[in-house]
1. If you work out semi-axes √(5λ) of the Cα gyration tensor in Å from the coordinates, which of [x] 31, 23, 18; [y] 39, 26, 16; [z] 35, 22, 17 do you get?
2. Quick one: ranking Lys267, Lys12, Lys91 by accessible area, 1.4 Å probe, largest first, what do you get?
3. Tell me the relative contact order for the chain as a rounded percent, counting alpha carbon contacts under 8 Å between residues six or more apart.
4. When the chain is fully extended, how far beyond the present Cα-Cα distance does Lys267 get from Gln221, taking 0.36 nm per residue of separation?
5. Go through segment 196-211 residue by residue and turn each phi into a ³J(HN,Hα) via Karplus (6.51, -1.76, 1.60, θ = phi - 60°); whole Hz please, and just put x for glycine and proline.
6. Say R0 is 25 Å: what FRET efficiency, to the nearest 0.05, do Ile252 and Glu96 get from their beta-carbon distance?
7. Taking the Cα-to-Cβ direction at Gln112 and at Ser55 and moving 7 Å from each Cα, how far apart do the two end points lie in nm?
8. Which residues' amide hydrogens lie under 5 Å from the amide hydrogen of Val272, considering only partners 5 or more residues apart or on another chain, with H built in the peptide plane?
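The values are calculated or read from the model by the stated rules, or taken from the named source; none is laboratory data. The model shown is predicted, which means the values in this text are computed figures rather than measured ones. Please note: Cβ atoms are built from the backbone with ideal geometry, for glycine as well, and neighbour counts cover all protein chains shown. Surface areas here come from the heavy atoms of the whole protein model, side chains and all, with no ligands, DNA or RNA. Shrake-Rupley method; radii C 1.70, N 1.55, O 1.52, S 1.80 Å.
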Amino acid sequence: MSLFEGLGNSQKERLRELQSELDNLVGLHSVKETISEIEAFALVQKYRKMVQLASEPIVLHTIFIGNPGTGKTTVARLLSRMLKEMGVLEKGHTVEVERADLVAQYIGQTAQRTREIINESIGGLLFIDEAYSLARGGERDFGKEAIDTLVKAMEDRRDDLVVILAGYPRPMEEFLSTNPGLRSRFPMTITFPDYSDLELYKIAETMLKDRQYTLSAHAKQELIRQIRRIRRGDALSFGNARSVRNVVEQIIRRQAVRLVRKPNLSKGELSVILPDDFRGLTFN
């Protein structure tokens, strides 16, 4: 018997496709290694149970720490789908929320709203972005009610719910240090590093390729220059892949302005990005 015993052929194929999708993400080497560990752990525990050996509970609640645009949401979506194909989660969907989705304005409403979100997430993964914002108002803030409701559900529904708390490094560390009981309920922490200049360039190229655009030789050089310019700018506004996406979308719009009045456009002209298309870029 193999670790994949019990999985149907279609499940195995979809799992291979999802693994390939994860592998093809630019960078994130340490993140990919940890996701592989999670996958292996889940498969081995299911296999041990199948052959009647003692097995650990598959509790996969995780903390994602990383700056904006480092792939946290993308990886969460992939992980949820992978866990479905392994039979760990029934549905494999991802419910993405933030403070405003959980915290209400009046007493008693926050717990109800949070329970509704949790019920929507059963069989899948609940991804709470900027999770530290739940504790920003102190003991009297309704965010504490959301945390308490969430913690109870994590214990009660640990067999059919995965919760991921995500956020930026410093606020998340402060949040968890003031709530050690919460940290102890998340057995894993995955840190998402900032992308290097080369990785950001590859991400931009992939975004353009997916949209059927290509860069001229001089435009490639200009893209490298613009990426370095972003990195030298305001650190607080730098958004890694989000900033690159913003640049790509601006380039495409500027190319459209350059071409809109040209007659008899060829397929090549519609596809190629030139250095002129980088003029006047803004970063936010």
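1. Recomputing semi-axes √(5λ) of the Cα gyration tensor in Å here picks out [y].
2. Details: Lys267 175, Lys12 60, Lys91 115 Å².
The most accessible residue leads, giving Lys267, Lys91, Lys12.
3. Working: 386 pairs, mean separation 57.6, N = 284.
Here the relative contact order equals 20 percent.
4. Values: separation 46, 0.36 × 46 = 16.56 nm, distance 2.29 nm.
Stretched out fully, the Lys267 to Gln221 stretch lengthens by 14.3 nm.
5. Listing the rounded values in order: 6, 4, 5, 5, 5, 4, 5, 5, 4, 4, 5, 4, 5, 4, 4, 9 Hz.
6. On the way: r = 26 Å, r/R0 = 1.05.
Rounded to the nearest 0.05, the efficiency is 0.45.
7. Using points 7 Å along Cα→Cβ, the separation is 3.9 nm.
8. Answer set, sorted by chain and number: Thr214.
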